[in-house]
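K.L.:
Quick one: this structure, given as structure tokens, is what I'll be asking you about.
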Amino acid sequence: MILLTRFDGGLASLWLATSVLAAELMIANRAAWWASITTCLIANFAATALFSFGPVAALPFAVVNVGEAILVATLLRRLRRAQSYLDSLEGVIVFALVSAAIVPSVTSVAGAALSATFGAMPFTTEYRTWLFAHGLGMLTFTPLMTLLLNGRIRQWLRGASRADRTESVVWLIVMITTSLIVFGQSTAPLLFVPILPLIIIAFRLEQVGTVTGLIILATIGGLLTMVGQGPVQLLGADPANQLRLFQFYLAMTTLTVLPVAAELSQRRALFRRVGESEARFKLITESSTDMIISLDRRGVITYASPSAFEVTGFTPEQLVGQRPHELACGPDQATMDAAGEAIKLAGRPTTVEYAARTPTGERRWFEAHTRGLFDGEGRFTGWVSAIRDISVRKALELRLAHAASTDPLTGLANRRRFDSVLERTIDDRRANRGCGCIALFDIDFFKRVNDAYGHAVGDLVLETFAAAALRSVRGEDHVARLGGEEFGIILEGASVAQAIEICERVRHAIARDVTRAPDGTEVCVTVSAGVAEITPGLSRLQLMRAADEALYRAKAGGRDQLALAA
């Protein structure tokens, strides 16, 4: 570069050495920096001493040149763009700003000052020469050196098919031919012509081809410009300025084509990921026992997996184009709306359970795990759901819930269920919704039955009471075994008079019923009861205490009778 592009004893008008070192430092491990830096310091010292400003100026020039490469590599490493700047538009912009503007504008001060001191050219002229030579050289040639050093070119050659390589050769020949035609003449302003093959190369040959095309343009155009050929000659400037104009043209071309190649690289990577994701999705949906469906933003099904028939009884073709809430196997509109709003507002997956019918009329339970889909700007575009049949699980849950709230001997509600219903009834009463009473029953002398006939017969007596009570109460009343021989009845909507009438029916039914022991022995029992009205001012415990005190008075009064709480 010193021999070919140094005019009037000043700085070289084209400088590529820094781009080689900068690319090396961006790729290499920091521990290996010193070998490269030392080598380049020696080489730069020798080049300046032998062919430029002499041995006295050689060391400071070497320090500035090598320091420039260190600054570029360090900044790009700090910005996490050292090896990936060619892969995105943002990376290319950052690289251009750092390597062609920020760092050269700083090192130009030192370089121009050294040139003005040891040479004959003024500071301002040398500042401009250094800025253009180093900035544009770095911008144009660093990408090629990066691709060479990080093995991207070798990797591309290994992965390219014969057809790809043939196409590459054809387009590079086109680029060489175009460059020779454009810069081999000096009569027509054809600098725009190489842009077309470069853009096509960017689309067809990706980053490697784009950078190679730029190097072809730089090499052919630069050499022909230096020997007095090319459209730049039409401007009539001196050789140094002609070379600077060519550098500027080359830089603008690079800044036009590299972002295109970077954006295309991103899109290809995105398409590859989308293709891989689609393949995984297809494999999962085709092998999954869950039904996978996709819906657009209007809630219309756009895709249903093959397992749809196994889950719902409907084929995928019957589901696509329909709205779930309009299908027999889908949730109702309220469930759909609630799930959709939860996804849109929270942006998180949601799970809903719903009951629906199959084409045969069978009622099943389904569970849908749903995730919203959003575009790059955060706009809701639809959702995808994984739906499974949970009828077996729901049936088990119902059995467990029933077992948890049922007395296993009599089949009546247990104490837990009784307390829950009573709390709800008290809340209704506080809200002035109707009236109600509770009654506590206790089998008289039950211990004697157990002692005389055994616990097995005692259990039969408890079952006799349960049957008589259920036969005597109304459909809306709740009968429960509270423990031992104590039972409770919640009489919703019953006045005190109605409650007493119902409890008397229960008492008389028990007195009439006979329990037959396995040996044929007949056992008859009576019951005592305490009745309390559900009033808004009493809590559940206070109400139970009032009914229990009434029961105690009934027992104290001779048993086989009712007592009303005070």
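K.L.:
I'd like the residue in the stretch 525-566 that is over 22 Å from Ala466 (Cα atoms) and of a type in the set (Gly, Ala, Ser) and, out of all such residues, is nearest to the chain's Cα centre (by Cα).
P.N.:
Out of the qualifying residues, it is Ser539.
K.L.:
Oh, and also: Scan the stretch 514-552 for residues that are farther than 21 Å from Leu491 by Cβ and assigned to a loop (DSSP other than H, G, I, E, B) and jot them down.
P.N.:
Val514, Ala517, Pro518, Asp519, Gly520, Thr521, Cys524, Val525
K.L.:
What number of residues in the stretch 102-147 are open to solvent by 10 Å² or more (accessible area, probe 1.4 Å) and closer than 18 Å to Val257 by Cβ?
P.N.:
Of the residues in the stretch 102-147, 4 are open to solvent by 10 Å² or more (accessible area, probe 1.4 Å) and closer than 18 Å to Val257 by Cβ.
K.L.:
Against the condition within 22 Å of Gly434 (Cβ to Cβ) and assigned to a strand (DSSP E or B), how does Ala480 come out, does it pass? Step through it out loud before you land on a result.
P.N.:
Numbers: within 22 Å of Gly434 (Cβ to Cβ): yes; assigned to a strand (DSSP E or B): yes.
When the stated conditions are applied, Ala480 passes them.
K.L.:
Pick out, from the stretch 8-120, the helices (runs of 4 or more DSSP H) lying fully within it that include 1 or more residues that are within 23 Å of Leu255 (Cβ to Cβ).
P.N.:
The qualifying helices (runs of 4 or more DSSP H) are 17-27, 55-78, 89-97, 103-118.
K.L.:
Based on this model, can you work out whether Phe366 counts as under 30 Å from the mean Cα position of the chain (by Cα), open to solvent by less than 50 Å² (accessible area, probe 1.4 Å) and aromatic (Phe, Trp, Tyr)?
P.N.:
Answer is yes for this residue.
K.L.:
Still on this structure, I have one more. Take the stretch 42-73 and flag every residue that is open to solvent by 10 Å² or more (accessible area, probe 1.4 Å), touching a residue at least 24 places away in the same chain (Cβ under 8 Å) and over 14 Å from Ala17 (Cβ atoms).
P.N.:
Hits for the stretch 42-73 are Phe53, Gly54, Val56, Pro60, Leu71.
K.L.:
Would you mind stating whether Leu180 is open to solvent by 70 Å² or more (accessible area, probe 1.4 Å) and in a helix (DSSP H, G or I)? Walk me through how you get there before you give the answer.
P.N.:
Values: open to solvent by 70 Å² or more (accessible area, probe 1.4 Å): yes; in a helix (DSSP H, G or I): yes.
In short, yes.
K.L.:
With the checklist (1) touching a residue at least 12 places away in the same chain (Cβ under 8 Å); (2) open to solvent by less than 50 Å² (accessible area, probe 1.4 Å); (3) not in a helix (DSSP H, G or I); (4) not aromatic (Phe, Trp, Tyr) in hand, flag the one item Gly340 doesn't pass.
P.N.:
(3)
K.L.:
Within the stretch 375-387, is even one residue of a type outside the set (Gly, Ala, Ser), within 30 Å of Ala413 (Cβ to Cβ) and in contact with a helix residue (DSSP H, G or I) (Cβ under 9 Å, 6 or more places away or on another chain)?
P.N.:
no
K.L.:
Looking only at residues that are under 57 Å from the mean Cα position of the chain (by Cα) and under 22 Å from Val523 (Cβ atoms) in the stretch 469-481, which one is surrounded by the most Cβ atoms within 10 Å (Cβ to Cβ)?
P.N.:
Arg481
K.L.:
Would you check if there is a residue in the stretch 153-174 being in contact with a strand residue (DSSP E or B) (Cβ under 7 Å, 6 or more places away or on another chain) and in contact (Cβ under 8 Å) with a residue 12 or more places away in the chain?
P.N.:
no
K.L.:
Conditions: (1) open to solvent by less than 70 Å² (accessible area, probe 1.4 Å); (2) assigned to a helix (DSSP H, G or I); (3) more than 30 Å from Ile70 (Cβ to Cβ). Gln185 meets all but one. Number of the miss?
P.N.:
(2)
K.L.:
Criterion first (in contact with a helix residue (DSSP H, G or I) (Cβ under 8 Å, 6 or more places away or on another chain) and over 15 Å from Asp444 (Cα atoms)) does Arg545 satisfy it?
P.N.:
It is false that Arg545 is in contact with a helix residue (DSSP H, G or I) (Cβ under 8 Å, 6 or more places away or on another chain) and over 15 Å from Asp444 (Cα atoms).
K.L.:
For the subset of the stretch 442-468 comprising residues that are among the acidic types (Asp, Glu) and more than 60 Å from the chain's Cα centre (by Cα), which member is nearest to Ile489 (Cα to Cα)? Even if it seems obvious, please write down each step before you answer.
P.N.:
Keep residues of the stretch 442-468 that are among the acidic types (Asp, Glu), which gives 442, 444, 451, 459, 463.
Still in the running and more than 60 Å from the chain's Cα centre (by Cα): 442, 444, 451.
Numbers: Asp442: 12, Asp444: 17, Asp451: 27 Å.
Among those residues, the one meeting the criterion is Asp442.
K.L.:
What pairs come up if the first residue lies in the stretch 120-136 and is touching a residue at least 12 places away in the same chain (Cβ under 8 Å), the second is among the basic types (Lys, Arg) and buried (at least 24 other Cβ atoms within 10 Å of the Cβ), and their beta carbons are under 7 Å apart, counting only those six or more places apart or on different chains?
P.N.:
Final answer for the pair search is none.
K.L.:
Something else about it: Answer with yes or no whether Ala494 is part of a loop (DSSP other than H, G, I, E, B), free of Cβ contacts under 8 Å to residues at least 60 places away in the same chain, surrounded by 14 or more Cβ atoms within 10 Å (Cβ to Cβ) and touching a helix residue (DSSP H, G or I) at 6+ places or on another chain (Cβ under 8 Å).
P.N.:
yes
K.L.:
For Thr515, work out the one condition from (1) open to solvent by less than 30 Å² (accessible area, probe 1.4 Å); (2) modelled with pLDDT under 95; (3) closer than 14 Å to Asp407 by Cα it doesn't fulfil.
P.N.:
(3)
K.L.:
If the requirement is being out of contact with any strand residue (DSSP E or B) (no Cβ under 6 Å at 6 or more places or on another chain) and in contact (Cβ under 8 Å) with a residue 40 or more places away in the chain, which of these qualifies: Phe314, Phe309? First the steps, then the outcome.
P.N.:
Values: Phe309 fails: in contact (Cβ under 8 Å) with a residue 40 or more places away in the chain.
Sole residue among the options that is out of contact with any strand residue (DSSP E or B) (no Cβ under 6 Å at 6 or more places or on another chain) and in contact (Cβ under 8 Å) with a residue 40 or more places away in the chain: Phe314.
K.L.:
Here is a further query. Suppose the filter is modelled with pLDDT under 85 and either surrounded by 11 or more Cβ atoms within 10 Å (Cβ to Cβ) or touching a helix residue (DSSP H, G or I) at 6+ places or on another chain (Cβ under 7 Å) (or both); does Leu270 pass it?
P.N.:
no
K.L.:
Please pick out the residue among Ile42, Ile2 that is at pLDDT 95 or above and more than 38 Å from the chain's Cα centre (by Cα).
P.N.:
Ile42
K.L.:
Taking the residues in the stretch 229-255 that are assigned to a loop (DSSP other than H, G, I, E, B) and modelled with pLDDT of 85 or more as candidates, determine which candidate is farthest from the chain's Cα centre (by Cα).
P.N.:
Step by step, filter the stretch 229-255, then rank; the result is Gln229.
K.L.:
Considering the stretch 152-176 alone, what residues qualify as being outside any helix (DSSP H, G or I) and surrounded by 12 or more Cβ atoms within 10 Å (Cβ to Cβ)?
P.N.:
If the condition is that a residue be outside any helix (DSSP H, G or I) and surrounded by 12 or more Cβ atoms within 10 Å (Cβ to Cβ), then Ala160 is the only one that fits.
Results for (1) of a type outside the set (Lys, Arg); (2) modelled with pLDDT of 95 or more; (3) touching a strand residue (DSSP E or B) at 6+ places or on another chain (Cβ under 6 Å), shown as yes or no for each residue.
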{"residue": "Arg448", "(1), (2), (3)": "no, no, no"}
{"residue": "Ala456", "(1), (2), (3)": "yes, no, no"}
{"residue": "Asp477", "(1), (2), (3)": "yes, no, yes"}
{"residue": "Gly483", "(1), (2), (3)": "yes, no, no"}
{"residue": "Glu492", "(1), (2), (3)": "yes, no, yes"}
{"residue": "Ala511", "(1), (2), (3)": "yes, no, no"}
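K.L.:
I need the full set of residues from the stretch 533-561 which are among the β-branched types (Val, Ile, Thr) and open to solvent by less than 40 Å² (accessible area, probe 1.4 Å), in order please.
P.N.:
Ile534
K.L.:
In the stretch 188-205, what residues are surrounded by fewer than 17 Cβ atoms within 10 Å (Cβ to Cβ) and either in contact (Cβ under 8 Å) with a residue 12 or more places away in the chain or assigned to a helix (DSSP H, G or I) (or both)?
P.N.:
Across the stretch 188-205, the qualifying residues are Ala188, Pro189, Leu190, Val193, Ile195, Leu196, Ile199, Ile200, Phe203, Arg204.
The values are calculated or read from the model by the stated rules, or taken from the named source; none is laboratory data. In this text, all values refer to a predicted model and were calculated from it rather than measured experimentally. Positions of Cβ are generated from backbone atoms using ideal geometry, with glycine treated the same way; all protein chains shown enter the neighbour counts. Quick note on the areas: whole protein, heavy atoms, side chains included, nothing else; ligands and nucleic acids left out. Shrake-Rupley method; radii C 1.70, N 1.55, O 1.52, S 1.80 Å.
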